[in-house]
Amino acid sequence: MNRFVIGLLVLLAGCGPSAKQTDKPETGTLDAVFKLPYQLSKPDENYTLPKELKEISGLTYYKDDQLLCVQDEEAVVYVFDTKKGNVVKDFGFGGYGDFEGIEYVNDEVYVLESNGTLFRFKPESTKIGRTKTDLPKKTEVEGLGYNPKTKRLLIAVKNGEGSSDKAVYSFDLLNRAVFKDMSLNDEQLKGAGIDPKTYKPSGIAVHPITGEWYILTSAGKRLLITSRQAKIIYSESLDPKAFRQPEGICFAPNGDLYIASEGDGKKGYILKFRYQK
């Protein structure tokens, strides 16, 4: 896959040297020997969220027993304590927008808008950086992750046209540049038993131990696992009763998995799945 740099307006820093070329997607069926290290039918914990997070749209690991969460339309980050089972702190970052993802990296918070704009700030700071990534027109994004190996934020496309459809873009934290990192195609998805029309990512996270990419889809209620080279390793449909509207996904450093769902008329919640080595 040829790389390209998208025009970028950055209030944070200038662009640096370009990144290495990304490998072409690997085709084929699912990896028959892969065993999911989580039992998605039996969560180890179920955290009910307060009304402020009824429409939770993203979450990220913050520190021991704490997650950072955002919800649609409100520029507020909530600190959810898993031991206390409640929000213990919140801090705003200004204004309103369609916020769809959050990631905590190197003591800084990144929040993603559906149009691709990135907000960057330290917790509780009044200094807010804003980066307009200028993704292709009519591109809607709804997932933010981080790959520590490449030091890039990952931006998953929910709806796109042409080459942006089913793509994952990345924001290089060192060079302050945006790249098209990988893209799946209909042939791959069909080969893995997935209807391409239902592949609309709502969350993305990189496993801290194995490096695999976990992609969550709310529309199709599915968890998809790929390699960085776009090889589909695993796919599992999610029980709609257990995952009413899955919107956020993240990992603890030890591999424990968290998946957040909107309330869909009820309270939002987060499910925890312990890592089974």
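Estimated purely from DSSP H runs of n ≥ 4, each contributing -39500 (n - 2.57), the mean residue ellipticity at 222 nm for the chain is -500 deg cm²/dmol once divided by its residues. Based on alpha-carbon atoms, the Kirkwood radius and the radius of gyration of the chain give Rg/Rh equal to 0.94.
Taking 1.567 mPa s as the viscosity and 4 °C as the temperature, the Stokes-Einstein diffusion coefficient of the range 96-230 based on its alpha-carbon Kirkwood radius rounds to 86 µm²/s. Placing unit charges on each Cβ (+1 for Lys and Arg, -1 for Asp and Glu) gives the chain a dipole about its Cα centre, and among THR139, GLY58, GLN229 the Cα reaching farthest toward its positive end belongs to GLN229. The relative contact order of the chain comes to 22 percent, based on Cα pairs under 8 Å that sit 6 or more residues apart. Between GLU124 and LYS63, the contour length at 0.36 nm per residue exceeds the Cα-Cα span by 20.4 nm. Taking only the Cα atoms of the range 153-277, the radius of gyration and Dmax are 14.5, 43 Å. Please say if the range 33-183 is rounded, prolate or oblate, where rounded means a/c under 1.5 for a ≥ b ≥ c the square roots of the C-alpha gyration tensor eigenvalues, and otherwise the choice is prolate for a/b larger than b/c and oblate otherwise? Here the range 33-183 falls in the oblate category.
Peptide packing: for 200-208, 47-55, the average count of neighbouring Cβ atoms within 10 Å per residue gives the ranking 200-208, 47-55, highest mean first. As a proxy for reagent exposure, VAL33, VAL141 were ordered by neighbouring Cβ count within 10 angstrom, fewest first; the result is VAL33, VAL141.
When only the Cβ of Lys, Arg, Asp and Glu is charged (+1, +1, -1, -1), the dipole of the chain relative to its Cα centre reaches about 440 debye.
Every number here is computed from the coordinates shown, using simple stated rules; none is lab data. The structure displayed is predicted, hence computed values, not measured ones. Backbone-built Cβ (ideal geometry, glycine too); neighbour counts: all protein chains shown.
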